[in-house]
1. Pairs needed: first member in region 2-26, more than 16 Å from PHE62 (Cα to Cα); second member anywhere, open to solvent by less than 80 Å² (accessible area, probe 1.4 Å) and assigned to a helix (DSSP H, G or I); C-beta distance under 7 Å; at least 6 residues apart or different chains.
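The values are calculated or read from the model by the stated rules, or taken from the named source; none is laboratory data. Because the structure is a prediction, the values reported are computed rather than measured. Note that we place each Cβ from the backbone using ideal geometry, even for glycine, and neighbour counts take in every protein chain shown. Note: accessible area is taken over every heavy atom of the protein model, side chains too, but ligands, DNA and RNA are not part of it. Shrake-Rupley method; radii C 1.70, N 1.55, O 1.52, S 1.80 Å.
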Amino acid sequence: GWVKNLSASVRPVVTYMFVFLLLFTDVAGMIWAIKTGVDFETALTLIFSDEEMAIVASIIGFWFGSRHWDKKK
């Protein structure tokens, strides 16, 4: 019982850890940029890049898009 539950929780736990690490890095980068005198708009475009948004979109698509495809089966 508990081994099956532990095994099933690996992907969600890894996803949560990745998202929290991503948020921590973004917030820390924004704080550092503001403290060093970088203007807000420049810091925002540097920290929240297109590559990062693609990673976030793929995570959201994996978790919520797969449910849609499961329902179509």
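1. From residues that are more than 16 Å from PHE62 (Cα to Cα), the pairs are ASP26/ILE47.
Residues are listed down the side, and each one gets a yes or a no for (1) open to solvent by 50 Å² or more (accessible area, probe 1.4 Å); (2) assigned to a loop (DSSP other than H, G, I, E, B):
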position: ASN5; (1), (2): yes, no
position: PRO12; (1), (2): no, no
position: VAL27; (1), (2): yes, no
position: MET30; (1), (2): no, no
position: GLY37; (1), (2): yes, yes
position: GLU41; (1), (2): yes, no
position: LEU44; (1), (2): yes, no
position: GLU51; (1), (2): yes, no
position: ALA57; (1), (2): yes, no
